[in-house]
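Have a look at the structure below, then the notes.
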Amino acid sequence: MNQSRKLCQLCGLPLTEDQSFLSLLGIMSTDSNNLCEDCCNQLVLINDIFCPNCGRLQATPEMCFDCIRWQNKGYPLLEHRAIYQYNDVMKTYMQQYKFNGDFLLKDLFNHDLIRLIDSIDKDIVVPIPVSHYTMQTRGFNQVSGMLNGQTLSDILSVTASKKDHQSQFGRRERMNRQQPFALSVSSQLVVGQRILLVDDVYTTGNTMYHAANLLYQAGAKTVKSISLAR
Amino acid sequence: MEIENLYGRQLVCPKIDNSLGNTRTAFQGGVCQRCNQKLVSPLPNDAFYCRACLTLGRVSSLDNLISLPEPNQFNGKVVLSWTGTLTSQQQKVSEDLLTTLALQREHLVWAVTGAGKTEMLFPLIYRALQQKLRIGIVAPRVDVIVELSPRLRAAFAQTDMVTLYGEQTDCYRYTQLVLATTHQLLRFRQAFDVLIIDEVDSFPFAGNEMLTHAVKNAVKVRHTMIYLTATPTRELKKRIKKGLPVSYLPLRFHQHLLPEIQLARLSNWRKKLPRKFRKQLSYLVETNKRFLVFVPKVSDLKPVQETIRRWFPRMHGDFVHANDKHRQEKVQSMRNENLQYLVTTTILERGVTFPGIDVIILGADDEMFTENALVQIAGRVGRKSDCPTGLVLAYVEHVTLKVKAAQRQIIQLNHLGEKLRESI
């Protein structure tokens, strides 16, 4: 078998070689040439009807129940946007990139994320941090990894050194967790800033609202957020 | 972690965690100490990780490898609950294997498809269990391991064993008998006194440096190694010439000869499956025969199966490939006779038994089907003594030397089998 053949970075199947004439000449390179057609087709873009505040794909354009709950709790809303629905193929990606630590997969959605970031008004872009323990075991922050080429302000840190990951918790446990973040710089750098938070996956919103809360307390002007998946 | 779960294992442990067991550094000169490959990819802060064995969980420069020596903590109590009998030819091979065990050597069993290789192993396994030896039975293909597992559980009903493969449910426990894919051996270190490698000539094991290292690393310094195959590679045949001890068995356990490969021409089948093929299938449908259709490529599976379904809408069938999420279930329902047919790639060429099936190969002249693959595919037919024959039909666009060689190989084996049968 031909060993040099390119494989799909997600499912490992060989990519079909219907290269276009232009890509053959090196004039045009396709963005998605690391994913096979099957995996690409399984990706669901959130671009039609979604909750205006958390970016969840849904049948109506009204604010979803979860967001109303955040509003009722008194949190300033985030206008969160996500690019893809968190479905099986996204789970596979997160499994391989984040949990199995295949750092090479960091660039798979880089263009998508940079494009979204560019379309939003902000002063600084802040990645959700990982704990010291995760840095010592995984070896990278999965959010910063995906944002290669974007200037980032690492102004948040994780206070708990515990090795718990959000994904190990059920919904209730997640909602009841205490503020997991602290400001790692002087709050003067935050005052009056329009901040864009970036995470890999938005599930309950808990992570984002905790981070936003901290930044507002430090004097941020606005805090918005995005994620790769929702 | 239970300390015994480290016996004979090599597991990945972050440097930051306290660990039981003996610790080794995970990389030396950029070479991964688990898989012995030099294929690292960078992480931030000058760290790096190995991409060669990534599927078994990442090894990075932030990790250590931990292990404990294998102490053979077994009681030697064993019951052979298998009640069958070996044919005299099988008996002979199984005696060769007992000699091999006594001498702690390497040995190759070259036995045709359906010779009953697994049963011939039982006396060897029984004795090794009695001697408190730790035994690994591995194969490159997960389907082979999945099919072996219940047969061994039945034969050694009181012996605890684990079955290890990629998407498994069975969690690791310290057991005397271990069934696993060859990849899983990367998680063992000097564990096995006896290692049996089934289908040793098959992908991805044959010629794979990483898996060859895994095997060497997983056995103890003094060990017995048994290779099983129906279709040895050229390299294995060379090793036989250089003195690798070998037992031959050219006759199936039910004493019938191998089904020969029939050839038929079929052009342009990818464009449109010809009437000739439909006619052949309707013959199988009328006689209520279950069958496998082998195709060269994953991309052929769907169109072929869809056409068959359109032609015979009431017949239950499916298609399966290596990365199929429901691979095990589909193979199982074919085994349970819930499916009438499966369209498959070469993944089902070996190690699987579906009683009473016929086999059709589409595009048998395609490069994906090697000579040995064709012989193995033909070997799926007539494996049970109550149904010892069947159809093996290879459709080709052009008759190639390779297809002819496969036909000839079976004829030659049958020639030897006939001689053996007459000599009894």
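Since every read-out is calculated from the coordinates, none of them should be taken as a lab result. All figures in this text were calculated on a predicted structure; none of them were measured in a lab. Positions of Cβ are backbone-derived with ideal geometry, glycine not excepted, and every protein chain shown enters the neighbour counts.
Which of B:Asp365, B:Asp193 has the fewest other C-beta atoms within 10 Å, and how do the rest follow up to the most? Write out the running numbers ahead of the final one.
Working: B:Asp365 19, B:Asp193 23.
Final ranking by Cβ density, sparse to dense: B:Asp365, B:Asp193.
Report, ordered by chain and residue number, the aspartates and glutamates lying within cross-link reach of B:Lys38, taken as a straight Cα distance under 20 Å and ignoring same-chain residues fewer than 8 apart.
Reachable aspartates and glutamates: A:Asp102, B:Asp46, B:Asp63, B:Glu209.
Taking the dipole about the Cα centre of the stretch B:88-249, with the C-beta of Lys and Arg at +1 and of Asp and Glu at -1, give me whichever of B:Thr99, B:Tyr227, B:Trp110 is farthest to the positive side.
Projecting each Cα onto the dipole axis, the largest value belongs to B:Thr99.
Report, in listed order, any pair from A:Lys6/B:Lys330; A:Lys6/B:Lys297; A:Lys98/B:Lys302; B:Lys242/B:Lys384; B:Lys132/B:Lys241; B:Lys117/B:Lys238 with a Cα-Cα distance greater than 25 Å.
Pairs exceeding the cut-off: A:Lys6/B:Lys330; A:Lys98/B:Lys302; B:Lys242/B:Lys384; B:Lys132/B:Lys241.
Just want the ordering: A:Tyr202, A:Tyr75, from fewest to most Cβ atoms lying within 10 Å of their own Cβ.
A:Tyr75, A:Tyr202
For the stretch B:243-384, what is the Kirkwood estimate of the hydrodynamic radius, computed as the reciprocal of the mean inverse distance between distinct Cα atoms, to one decimal in Å?
16.0 Å is the Kirkwood radius here.
With labels modelled as points extended 7 Å from the Cα through the Cβ direction, what inter-label distance (nm, one decimal) is found for B:Asp46 paired with B:Ser299?
Distance between label points: 4.6 nm.
Quote the charge dipole size of the protein assembly as shown about the Cα centre in Debye, to the nearest 20; the model charges only the Cβ of Lys and Arg (+1) and of Asp and Glu (-1).
Once rounded to the nearest 20, the dipole reads 1080 debye.
Cα centroids of the stretch B:276-300 and the stretch A:101-132: how far apart, whole angstrom?
50
Return the ratio Rg/(2.2 N^0.38 Å) for the stretch A:44-229, where Rg is computed over Cα atoms only.
Normalised by 2.2 N^0.38 Å, the Cα Rg of the stretch A:44-229 equals 0.97.
Given H placed 1.01 Å from N in the peptide plane, which residues other than close sequence neighbours of B:Ile361 have an amide H under 5 Å from its amide H?
B:Phe294, B:Leu393, B:Ala394, B:Tyr395
For the stretch B:98-257, give the magnitude of the charge dipole about the Cα centre (Cβ charges: +1 Lys/Arg, -1 Asp/Glu; no others), in debye to the nearest 20.
Result for the stretch B:98-257 is approximately 640 debye, rounded to the nearest 20.
Would you give the gap between the C-alpha center of the stretch B:1-80 and the C-alpha center of the stretch B:162-240, rounded to a whole Å?
17
What is the diffusion coefficient of the protein assembly as shown in µm²/s, taking the Kirkwood radius over Cα pairs and the Stokes-Einstein relation at 10 °C with a viscosity of 1.306 mPa s? Before the final figure, lay out the partial values.
Values: Rh = 28.3 Å.
In µm²/s, the coefficient rounds to 56.
Setting aside same-chain residues fewer than 8 positions from A:Lys221, which lysines have a Cα under 25 Å from its Cα?
Cα-Cα hits under 25 Å: A:Lys73, A:Lys122.
For chain B, take the convex hull of the Cα atoms, compute a quarter of its surface area, and give me that in nm², please. Walk me through the numbers on the way to the answer.
Working: hull surface 90.0 nm².
Across all orientations, chain B yields a mean hull projection of 22.5 nm².
Hey, can you rank B:39-50, B:129-140 by average C-beta count inside 10 Å, highest first?
Ranking the peptides B:39-50, B:129-140 by packing returns B:129-140, B:39-50.
Would you kindly enumerate the cysteines in chain B that have no other Cys beta-carbon under 4.7 Å from their beta-carbon?
Taking the Cβ cut-off of 4.7 Å, the unpaired cysteines of chain B are B:Cys13, B:Cys171, B:Cys387.
Identify the residues of the stretch B:284-310 with backbone N under 11 Å of a label point that sits 7 angstrom from the Cα of B:Gln262 along the Cα-to-Cβ direction, or state none.
Flagged as within label range: B:284.
For A:Leu156, what residues show an amide H to amide H distance below 5 Å, using hydrogens built from the backbone and excluding near sequence neighbours?
Sorted by chain and number, the residues that satisfy this are A:Ser184.
Would you order B:Asp17, A:Asp88, B:Asp300 from fewest to most other beta-carbon atoms within 10 Å of each residue's own beta-carbon?
A:Asp88, B:Asp17, B:Asp300
Of the listed peptides B:234-241, B:326-333, what is their order by residue-averaged count of other C-beta atoms within 10 Å, with the highest listed first? Can you show the working numbers first?
Details: B:234-241: 12.8, B:326-333: 16.6.
Output ranking for B:234-241, B:326-333: B:326-333, B:234-241.
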